[in-house]
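Below you'll find the structure, written out as structure tokens, and then a few comments.
The values are calculated or read from the model by the stated rules, or taken from the named source; none is laboratory data. Treat the numbers as computed from the prediction; the structure is a model and nothing was measured. Reconstructed Cβ throughout: ideal geometry from the backbone, glycine too, with neighbour counts over all protein chains shown. We work out accessible area using only protein heavy atoms, side chains counted, and drop any ligands, DNA or RNA first. Shrake-Rupley method; radii C 1.70, N 1.55, O 1.52, S 1.80 Å.
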Amino acid sequence: MLAFASLIVIMLVFSLMSPHFFTVNNMVSILTAATVTGILALGTTFVIITGGIDLSIGTGMILCGVMTGVFLTSWGWPLWAGILGAIAFGALIGFINGFNVAILGIPPFIATLGMMLIASGLSLVVSGTSPIYFPDTPAFGDIMNLPIIPGTRFPLGVAIFIATMLIAGFVLSKTVVGRYAFSIGSNEDATSLSGVNVKRWKILIYTMSGLFVGLAGVLSASRLSSAQPTGGLGLELEAIAAVIIGGTSLAGGKGSIVGTVIGALIMAVLTNGLRIISVPQEWQSIAVGIVILVAVYLDMLRRRAAT
């Protein structure tokens, strides 16, 4: 696979450029950095396979993090209830996106762009524009940061990412959800004519993607031990780039969870490696932008070759 070969080459290049790159602690740092973006990418893989897009996953994640703070700090919910509430809130965001796309017929780009702006504004409104901390639930920080392998900094959050990856892979490859996602993305009209309720399955797939957004929001807030109401813009592009780099077609009908994970790792390795060799932040952004353009161009070449 081209994406896997690219990952190996990038890692070899950075390991030659810096002796600090290929260390256990730095590998754990890369996995940790890939966790939130990777989980967002897992959910949006299903959406893109259907031929859709979701631009709201970044700010939606921030809003779910803020809602975690509200549930645990302002409302005093138990830790487990606050986590489940935030994940359910992410599903609600996904459901609204799916409803707007499938029932109202709003193009996915516009529907999710609107939700992106709504989620960004709601994060500021709900939080009062201030970070929300978790003084009464110190265990909340352990969800992302608790080391689970003695003698290493391997955190629980990465284990959650791996478990989520396995679940997403099973759902995409072994269940009717994945089968209909591919069918809708390949030929929506033919799928509808075969008796499949395309609208219902689109809503379900967007809602399921929202579950990943909610989980990412919980992990992001846990990593910082605070719910930050600002930010999130740009994360959706990194997640979408990870999906495309991993071989999922923007036209729909093709993709894999393994490819998406490799794409997320490429994004994390690239950012980490550039930082280690002291590349300025502005040049890091340029490099990531170039990677996104190359990924989309390669997707275009794949589609042309397929036709």
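Shape summary: the range 74-224 maps onto an equivalent ellipsoid whose semi-axes, from the alpha-carbon gyration tensor, are 33, 22, 11 Å in decreasing order.
Label separation (Asn187 vs Ala5): 3.2 nm, computed from points 7 Å beyond Cα along the C-beta direction.
The heavy atoms of Asp142 present about 70 square angstrom of accessible area, all protein chains included, probe 1.4 Å. Extension gain for Glu282 to Phe95 (0.36 nm times residue separation, less C-alpha to C-alpha distance): 63.7 nm. Our helix-only sum for the chain, with -39,500 (n - 2.57) per DSSP H run of n ≥ 4 divided by its residues, gives a mean residue ellipticity at 222 nm of -24500 deg cm²/dmol. Within the range 1-74, the chymotrypsin sites (Phe, Trp or Tyr not before Pro) that combine a DSSP coil assignment with at most 15 other C-beta atoms in a 10 angstrom radius are Phe22. Evaluated with a Cβ-only charge set (Lys, Arg +1; Asp, Glu -1), the chain carries a dipole of roughly 560 debye about its Cα centre, given to the nearest 20. Ligands, DNA and RNA aside, Trp75 has an accessible area near 150 Å² when probed at 1.4 Å. Return P(r) of the range 32-133 (all Cα-Cα pairs; 10 Å bins starting at 0; whole %; ordered from short to long distances). Percent of Cα pairs in each bin: 15, 43, 32, 9, 0. Entry comment: accessible area of the chain is 45 Å² per residue, from protein heavy atoms only and a probe of 1.4 Å.
If you take the Cα atoms of the range 85-174, find Rg, then find the Kirkwood Rh from the mean of 1/r over all pairs, what is Rg/Rh? Looking at the range 85-174, the ratio lands at 1.08.
Counting only heavy atoms of the protein chains and using a 1.4 Å probe, Ile262 has close to 20 Å² of accessible surface.
Only the Cβ atoms of Lys and Arg (+1) and of Asp and Glu (-1) were treated as charged; on that basis the dipole of the range 162-307 about its Cα centre amounts to roughly 380 debye. Label sites at Leu224 and Leu117, each approximated as a point 7 angstrom past Cα along Cα to Cβ, lie 2.3 nm apart.
Determine, from the Cβ-Cβ distance of Val296 and Trp75 and an R0 of 41 Å, the FRET efficiency 1/(1 + (r/R0)^6), rounded to the nearest 0.05. Using R0 = 41 Å, I get an efficiency of 0.45. Net charge in the neighbourhood of Leu113 (other residues with Cβ under 11 Å of its Cβ; Lys, Arg +1, Asp, Glu -1) is -2.
Both radii are taken from the alpha-carbon atoms of the range 199-307; with Rh as the Kirkwood radius, Rg/Rh is 1.01.
Couplings for the range 242-258, taken from phi via the Karplus curve 6.51 cos²θ - 1.76 cosθ + 1.60 with θ = phi - 60°, read 4, 5, 5, 4, x, x, 6, 7, 5, 7, x, x, 8, x, 8, 6, 4 Hz in order; Gly and Pro are left as x. In plain terms, if you count all Cα to Cα distances in the chain and split them into 20 Å steps from zero, the share in each step is 34, 58, 8 percent. One decimal place: the segment Ser15-Lys174 gains 53.5 nm when fully extended, by the rule 0.36 nm per residue minus the C-alpha distance. Its alpha carbons considered, the range 1-67 gives a radius of gyration followed by a Dmax of 15.8, 43 Å.
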